[in-house]
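All of the numbers you see were taken from the coordinates with simple rules; none came from a lab. Because the structure is predicted, anything quoted here is derived from the model rather than measured. Cβ atoms come from the backbone with ideal geometry, glycine included; neighbour counts cover every protein chain shown.
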Amino acid sequence: MKKQISFKLFILVSLSILINNLSFSQTYKIVDPGQTKCYNDSLVITCPSTGQAFFGQDAQYVTNPNNYTLGTDSKTVYDNNTQLTWMRSPNMTNTPPVKIDRMSIHAAYNWVATVNAANYGGFNDWRIPNVKELYSLYCGFGTDPGGSNTISASALTPFIDTNYFKFAYGIVANGERLIDQQYMSTNIFILDPSESGHAKDFGVNFSDGRIKGYDTVDVLSNLTKTFYVQLVRGATTYGVNNFVDNADSTISDIATGLMWSKYDNGSGMNWENALNWVQAKNAANYLGYNDWRMPNIKELHSIVDYSHAPDYDSLPAINVNFFNCSSIINEAGKDDFPYYWSSTTHAGYTTTNNGGGDANYIAFGRALGWPTTKTYWVDVHGAGAQRSDPKIGPPYSYATIHKDTVGGIVYTGNSHGPQGDAIRGSNYTRLVRNITNNTGINDGKNTDFINVYPNPAKDKFTITFNNNKHKVSIEMYNSFGCKVKELQTNNTRSINININDLPNGIYYIRINTDNVVFTYKLIKD
């Protein structure tokens with residue numbers, strides 16, 4: 001709730017003051033998916049307001065929108081958000097990719113050397129991206145053609161910004177599927193070999209908008225899998241988290257500027273109910289905040305930890321030193337971990353406005369499937385896969401129903417698609433919020449207790465409390481993290497602080513009152 005204050009207020013709460021040397025380095029800036037439409041459980045709708053059904057979805061929050069700069073030679077694209085530079089196309093001809101541009105993982109690493117030797121785009125430090133770097137290019141405004149090969153490519157929108165990147169769908173006349181556009185990353189599924197008998201590479205498919213672990217050898221043809229390879233250059237810190245446990249059931253990621261709930265919601269629910277649950281938590285000022293949201297799919301993907309998998313170390317694909325994941329029993333009757341909803345709708349191709357029936361999720365446990373090559377459930381796409389699920393629960397007329405009996409208990413599951421993806425329609429939710437709110441008014445913390453004014457300030461500023469505080473400790477830091485003032489006081493409701501001796505600039509005020517810490521950004525001019 002935004003507090004109405006008569007002074008011009010630019011308060012940005014910064015948890016950087018609370019951590020180590022107070023540095024706040026957003027080295028892993030999450031690029032907004034760019035979704036602009038709102039949906040119910042099937043249709044495009046007018047974006048709802050607070051308190052209404054389906055409020056809080058992706059299109060209603062915009063942070064770090066796409067911001068690219070095309071290289072002067074038109075061969076490269078610089079991402080002003082991630083500070084990564086990309087080849088414009090997965091080839092050196094700088095043309096939309098075709099089947100001949102696809103290559104095996106082994107050939108891809110050899111090709112990197114060729115590109116660097118050619119000083120492509122004026123650079124010789126190109127490399128294959130990891131999956132988090134690659135997924136930064138994902139755009140949520142794409143449309144999934146599904147399994148159809150009869151849709152005209154001109155009627156589709158890919159999940160990558162074609163204003164800057166060269167892209168082409170598979171050419172059906174050449175024996176390809178429309179969706180044969182898997183792009184390779186350096187991330188190999190930790191369970192190697194996987195249940196298919198081969199290694200899986202986590203690739204991003206910009207034609208159907210998913211991350212899957214793709215078998216490096218096709219299990220049907222026994223041929224080596226080939227990928228498109230979009231090379232990148234720049235710092236290797238993108239995709240590396242910097243988690244801090246705030247000891248209040250929240251986890252801050254200093255790298256992304258996001259704060260997470262340590263615990264999930266504890267039960268599966270459909271997409272509408274999950275969005276409603278988030279609204280209820282805000283109404284209850286959950287953990288002291290009222291600006292929680294359901295994460296968009298790129299925010300959710302940022303906390304995936306690909307070093308874990310249930311069949312590898314019995315852990316979810318998340319950093320369990322900081323996060324708790326609920327346990328479930330899956331369709332195969334095995335201990336597992338949930339799928340987690342995102343606020344991002346996975347739009348399908350439609351001519352009747354009914355393409356909004358699915359939402360994206362991350363499988364933090366097994367990304368289950370019942371492929372045609374198996375007679376049982378397997379982790380077909382790897383823990384950490386991003387797929388989509390119906391927004392409502394079963395029954396599904398198009399699904400195949402499988403029943404497994406384990407220990408005398410019958411477990412029923414629904415599968416659909418080429419790899420028989422397990423579809424549930426009932427998934428878990430984890431909350432996220434911004435550590436700092438870019439609106440500059442109120443970060444959502446319950447600051448009805450404290451006013452800091454005026455801001456900007458010249459010679460002095462005042463801190464007032466809504467009631468008498470027994471003990472107050474105040475520390476003031478400059479933008480370099482150096483402490484410039486410190487004072488303590490008892491039994492007070494108002495403190496005036498003289499800053500006439502400080503140079504103009506940005507300062508951070510850490511207020512510790514009755515063992516509760518608030519941090520404000522103050523501008524002196």
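Simple rule: put +1 on each Lys or Arg Cβ and -1 on each Asp or Glu Cβ in the stretch 67-240, find the dipole, and look at Asn130, Asn91, Leu70; the Cα lying farthest toward the positive end is Leu70.
Set the Cα radius of gyration of the stretch 206-315 against 2.2 N^0.38 Å, with N its number of residues, and you get 1.41. Computed over the chain, the percent of Cα pairs more than 36 Å apart is 37. For the chain, the longest principal axis of the Cα atoms and the long axis of helix 271-283 meet at an angle of about 10 degrees. Given R₀ = 35 Å, FRET efficiency for Asp192-Ser74 by Cβ-Cβ distance, to 0.05? FRET efficiency, Asp192 to Ser74: 0.35.
Once you sort the root eigenvalues of the Cα gyration tensor of the stretch 54-111 as a ≥ b ≥ c, which label holds: rounded (a/c under 1.5), prolate (a/b larger than b/c) or oblate (the other case)? In terms of gyration-tensor shape, prolate. Dipole magnitude for the chain: computed about the Cα centre from +1 point charges on Lys and Arg Cβ and -1 point charges on Asp and Glu Cβ, it is near 1320 debye.
By the Stokes-Einstein formula, at 1.567 mPa s and 4 °C, the stretch 67-240 with its Kirkwood radius over alpha-carbon pairs has D equal to 78 µm²/s. Per-residue ellipticity at 222 nm, computed for the chain from helices alone with -39500 (n - 2.57) per DSSP H run of at least four residues, works out to -2000 deg cm²/dmol. For the stretch 264-429, the calculated P(r), taken from all Cα-Cα distances in 5 Å bins from zero up to the bin holding the longest distance, is 2, 9, 16, 21, 21, 15, 9, 5, 2, 0, 0 percent. Under the convention that each Lys and Arg Cβ holds +1 and each Asp and Glu Cβ holds -1, the size of the dipole of the stretch 67-240 around its Cα centre is about 220 debye.
With a threshold of 30 Å on the Cα-Cα distance, the over-threshold entries among Lys212/Lys391; Lys37/Lys132; Lys29/Lys200; Lys298/Lys403 are Lys298/Lys403. Toward the positive end of the charge dipole of the chain, with +1 on the Cβ of Lys and Arg and -1 on the Cβ of Asp and Glu, the farthest Cα among Ser267, Gln182, His416 is that of Ser267.
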